[in-house]
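Colleague: Mind having a look at this structure? Questions to follow.
The values are calculated or read from the model by the stated rules, or taken from the named source; none is laboratory data. Being a predicted model, the structure only gives us computed values, none of them experimental. Backbone-built Cβ (ideal geometry, glycine too); neighbour counts: all protein chains shown.
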Amino acid sequence: MVWQELGISGITGLVVLTALYFVIKASVKNGILSAYQRITKKQLEPEFNWDELKKENQENG
């Protein structure tokens, strides 16, 4: 298997993939929030409320 060729056990590979998943997830979230701030010129709270954004967009057209 590929893991054995690299000298990595199954558990180590699973831990690495899990960590990579969360790093990518956080990066995508931060990228989306940054792009939204640039487009709308709004400052967002750290915990952004997506429901409020949907309501705003529906009200504005």
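Colleague: From (1) more than 15 Å from the chain's Cα centre (by Cα); (2) modelled with pLDDT under 75; (3) not hydroxyl-bearing (S, T, Y), pick out the condition that doesn't hold for E52.
Modeller: If we test E52 against (1) more than 15 Å from the chain's Cα centre (by Cα); (2) modelled with pLDDT under 75; (3) not hydroxyl-bearing (S, T, Y), just (2) comes out false.
Colleague: Can you spot a residue in region 26-37 that is surrounded by 10 or more Cβ atoms within 10 Å (Cβ to Cβ), closer than 30 Å to E56 by Cβ, modelled with pLDDT under 90 and small (G, A, S)?
Modeller: yes
Colleague: Could you run through region 2-32 and say how many residues are hydrophobic (A, V, I, L, M, F, W, C), farther than 30 Å from W50 by Cβ and assigned to a helix (DSSP H, G or I)?
Modeller: 7
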